[in-house]
Amino acid sequence: MEEIVTRLKNAVINYEMETIADLAKEVVDSGVDPLVAIEEGLAQGIKTVGEKFGKGEIFLPELVMGAEAMKAALAVLEPAVPSGKHRATLGKVLIGTVQDDIHEIGKNLVSTMLSSNGFEVVDLGVNVPSEDFVKKAAEIKPNILAMSALMTTTMPRMGEVIAPLKKEDPSVKTIVGGAPVTDVYAKEVGADGYSGDASGAVDSAKKLVG
Amino acid sequence: MSAVSYGIARGIRFQILSEEDLDRIHWGTLHILEKVGVQVDSPTCRKLLKENGCEIDEKARSARIPSHLVEEALSKKKSAITLAARDRSYDARLDLNHSYMCANGNGAVAVDFETGERRNSTKKDLVDSTRICDALPNVHIHWPMVSSTDMPASVVHLHDLEASLNNTGKHVMYETGVTLEDAKNLTAMGYAAAGGEKEYRRRPITSCLQCTYAPLQHDAGVMDASLEFARNGVPLVFFCMPQPGATGPASLVGSVVVGNAEVLSALVMTQLSSPGAAVIYGLGIAPLDMKTTVRAGGSPEHAICSAMGTEMAHYYGMPSCVGVSGTAKEPGIQAAIETYTGCVGPLLAGADLMCGIGLLEDSSCLYLEQVVIDDEIVGAIARLIRGEWADDETLALDVIEKVGIGKDYLAQKHTMQFLRTDHFMPSLIDRRSEDTWSTTGKKTMRDSAREKVKEILGKHEVKPLSDEVNKDLAAMIKKAEKPMWGGESRVE
């Protein structure tokens, strides 16, 4: 059992995006607890990859390949987790790019960085209507709601989401980012956190759930 | 792509002089050599030139050199020269497809890394800067950056070579062989470090850069030493340095003619004495700044002259060694502009060897921080001149098709592959966001450079010469030590 979990971990470390799903099926068939496989295998693997990236030993595409491998395996393992049980994470993050804005590369990087650092990330994609953020938050109860905007014309959407969200559930923390967003603007719209880059977003999120 | 992996691969070249311009400079130079000639202070060299048909004026110590002698010398010259290194992976093949960078050399002043005091340079400064150059990816050839002025005056240059050979695996080029005796001692040390004369002649791990004197003069000691080096198989660079407006015509091309006459006449003497000797075409022409009386190192004129010098060298089928420097007094914006300007022009024109980076005050003062900053600048330029091409792999049509519309390329294997070859990865340039930068101390590039210097000095190891070789070198240095200037042999 341990051997196959180690193989799963190494498959993330070696970015085996194409073959890891087969390995995950093997895990399920072998009767290993999928939660153990996720926590001891996938999470440990992506943690190693994330640490290497943090130290500057590997580059962003490698981190993303590691995250892609993890995602592919999670797609197989998560449905096999018995209902009522949940994998341990640092917290749940709901993320998306605001309405009228289709720029997503930065948001995707933040998603990758957060998931490789132990967060569970639910990504709503781009051009997300403000009311959809609030609705989805009510449904999945995230610890953090994260939003990005690349244009000065779309940044005000952030405030449009934060005000009703906080009214509904004051315990949800919010972080914002994107090229035109500054720490001053983040405060203006009532966000709890801000970061100028993807790595900083992880620190910011950790502070908010810590 | 070339199979040679050391040095800067280059696939871009811009042209300054047309074929006609090059012809006119060449013919103009032949005209000057025949009509005006050059001053040759060495009686040995004058005799050699006289025996081969030059018209000699013994009183003026000058020689008029007929064109056919220049053409003959050019037919005997060596085109492909390899500057071998103690560590073979650092062999620098001057092959017209690669550029190599050298740190600047023989400054006499250093700013102390710990105290910030500006003082005379020491052997310790040389050891430290040599280890740093050994560690840097964009310094390919080593030139002792400063002189060991704390050593006995008569043997400073021998200490310089000893410290260099022990602290880098890269090829060592010096410019201190200015007498016949120097040439003999420096050759002997090179032979010892290479494992004997036979091995050295096969793989010369040292070379000597010799300066001619503008306008149109050759120092006796320098030329006697040069002929000795050529006999001994030590590769030479003849490096001309007229200053447009002062020791050369103010028009840059006119100064190139003066410098070209100096280099070609030195080549004539060398090839007459040792046919087939390895000679590199050297040129470092920077104007005299007419406001300050300081040489304008790192000026656009300096860069464009080094580019033209490279074009002249290639016109003759010779590798070039051209200059860059800077007049800044401390690391910072001016130093960066001067290094960048001075390097980018010649490298775009295909300079084979450039000397050199890292010294301030126009090749006088060592600041360790500047050495690592300049390495970064050269790294960026290396990317600029590599060249681009469209083939199946670079076009990436299959990858574009696979990713499709609206997705990203981050998780593609192609991305990782080309990241390694196509993207310059800076070591000092800080591309982090403002908030990350400001929360980690708002470090300037100079701060980062200091950290990098500390890290290299703390960690970088170089395999020294064997104890046996070092014993030989120490004995050679001891033997060469002699009283100078009123009998003092040692500055205590």
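The values are calculated or read from the model by the stated rules, or taken from the named source; none is laboratory data. What you are looking at is a predicted structure, and each value in this text was computed from that prediction instead of being measured. Cβ sites come from the backbone with ideal geometry, for glycine too, and all protein chains shown count toward neighbours. These area figures cover heavy atoms from the full protein model, side chains too; ligands, DNA and RNA do not enter into them. Shrake-Rupley method; radii C 1.70, N 1.55, O 1.52, S 1.80 Å.
Over chain B, what is the relative contact order in whole percent, taking alpha-carbon pairs under 8 Å and six or more residues apart?
Rounded, it is 18 percent for chain B.
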- Task: Would you mind checking the stretch A:103-123 for residues with the amide N under 20 Å from a putative spin-label position 7 Å along Cα→C-beta of B:Ile405?
- Result: A:103-105
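Could you compute the FRET efficiency for A:Glu131 and B:Asp398, with r as their C-beta to C-beta distance and R0 at 45 Å, rounded to 0.05? Walk me through the intermediate numbers first.
Values: r = 41 Å, r/R0 = 0.92.
It comes out at approximately 0.65.
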- Query: What does a probe at A:Thr153 reach in the stretch A:85-106, counting residues whose amide N is under 20 Å from the point 7 Å along Cα→Cβ?
  - Reply: A:97-106
- Give me the orientation-averaged projected area of the Cα convex hull of the protein assembly as shown, in nm², one decimal. 38.3
- Taking every residue of B:141-154, the Cβ atoms of other protein chains inside 10 Å of its Cβ average out to 0
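Put B:Trp143, B:Trp389, B:Trp437, B:Trp27 in order of accessible area, largest first, 1.4 Å probe: what do you get? Present the calculation step by step, with values, prior to reporting the outcome.
On the way: B:Trp143 15, B:Trp389 105, B:Trp437 80, B:Trp27 160 Å².
Per-residue accessible area, sorted high to low, gives B:Trp27, B:Trp389, B:Trp437, B:Trp143.
Hey, if we sort A:Asp132, A:Asp203 by accessible area with the 1.4 Å probe, largest down, what's the order?
Values: A:Asp132 60, A:Asp203 90 Å².
Descending order: A:Asp203, A:Asp132.
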- Spin-label point model (7 Å from Cα, Cβ direction): what's the A:Asn10 to A:Lys141 distance in nm? 4.0
- Query: Sorting A:Leu63, B:Leu216 by accessible area (1.4 Å probe), largest first, what list results?
  - Reply: B:Leu216, A:Leu63
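Given 0.36 nm per residue, what is the gain on full extension from A:Ala179 to A:Ala75 after removing their alpha carbon distance, in nm? Could the numbers behind the result be given before it?
Details: separation 104, 0.36 × 104 = 37.44 nm, distance 3.19 nm.
Net length gain for the segment: 34.3 nm.
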- Between B:Thr293 and B:Ala80, with labels modelled 7 Å along Cα→Cβ, what's the label distance in nm to one decimal, could you check? 5.0
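Which whole-number percent gives the relative contact order of the stretch A:91-209, counting Cα pairs below 8 Å spaced six or more residues apart? Can you show the working numbers first?
On the way: 226 pairs, mean separation 33.3, N = 119.
After rounding, I find 28 percent.
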- To the nearest 10 square angstrom, what accessible area does A:Phe53 show with a 1.4 Å probe? 50
- Task: Shielding by partners for A:19-27, please: the mean number of other protein chain Cβ atoms within 10 Å of each residue's Cβ.
- Result: 0
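Between A and B, buried accessible area summed over both sides at probe 1.4 Å, in Å² to the nearest 100? Before the final figure, lay out the partial values.
Values: alone 10390 and 21670 Å², together 30870 Å².
Chains A and B together bury approximately 1200 Å².
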- Can you give the angle from 0 to 90° between the axis of helix A:43-54 and the longest principal axis of chain A, with both taken from C-alpha atoms, to the nearest 10? 60
- Message: Counting only protein heavy atoms and a 1.4 Å probe, tell me what percentage of the stretch A:91-209's accessible area is made up of carbon and sulfur.
- Response: 53
- Message: Counting only trypsin sites (Lys or Arg not before Pro) that sit in a DSSP loop (anything but H, G, I, E, B) with at most 11 other Cβ atoms within 10 Å, what is the longest stretch of chain A containing none of them?
- Response: A:86-210
- Quick one: which residues, 5 or more positions from A:Met17 or on another chain, have an amide H under 5 Å from its amide H? H modelled 1.01 Å from N in the peptide plane, none for Pro or chain starts. none
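Indicate the gyration tensor shape class of the stretch A:91-209 (rounded, prolate or oblate), computed on the Cα atoms with a ≥ b ≥ c the square roots of the eigenvalues: a/c under 1.5 is rounded; otherwise a/b larger than b/c is prolate and the rest oblate. Walk me through the intermediate numbers first.
On the way: a/c = 1.23, a/b = 1.03, b/c = 1.19.
In terms of gyration-tensor shape, rounded.
Please find the FRET efficiency linking A:Val28 to B:Met425, where r is the Cβ-Cβ separation and R0 is fixed at 30 Å, and quote it to the nearest 0.05.
Working: r = 40 Å, r/R0 = 1.34.
It comes to 0.15.
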- Task: May I ask you to find the residues of the stretch A:55-104 that are shielded by at least 40 Å² of accessible area once the whole protein assembly is considered instead of their isolated chain (probe 1.4 Å)?
- Result: A:Phe59, A:Pro61, A:Met65
- Query: In chain B, what cysteines have no partner Cβ closer than 4.7 Å?
  - Reply: B:Cys45, B:Cys54, B:Cys133, B:Cys208, B:Cys211, B:Cys240, B:Cys305, B:Cys321, B:Cys343, B:Cys365
- Item | Antiparallel content of DSSP bridges confined to chain B, in %, to 5 | 35
- On a 0 to 90° scale, report how tilted helix A:156-168 is relative to the longest principal axis of chain A, with both axes built from alpha carbons and the result rounded to the nearest 10. 80
- Nearest 10, in degrees from 0 to 90: the angle of helix A:130-140 to the longest Cα principal axis of chain A is 40
- Note on the structure: For A:Phe119, other-chain or 5+-apart residues with amide H closer than 5 Å (H placed, Pro excluded) are A:Leu90
- For B:Leu395 the rounded accessible area (nearest 10 Å², probe 1.4 Å, non-protein molecules ignored) is 90
- How well do other chains shield peptide B:413-421, expressed as the mean number of their Cβ atoms within 10 Å of each residue Cβ? 3
- Message: Which positions within the stretch A:161-210 get 10 Å² or more of their accessible surface covered by the other protein chains, compared to the chain by itself, with a 1.4 angstrom probe?
- Response: A:Tyr194, A:Gly196, A:Asp197
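Averaging sequence separations of C-alpha pairs under 8 Å and six or more residues apart, then dividing by the length of the stretch A:2-80, give the relative contact order as a whole percent. Intermediate values should be presented prior to the final figure.
Numbers: 95 pairs, mean separation 37.1, N = 79.
Relative contact order of the stretch A:2-80: 47 percent.
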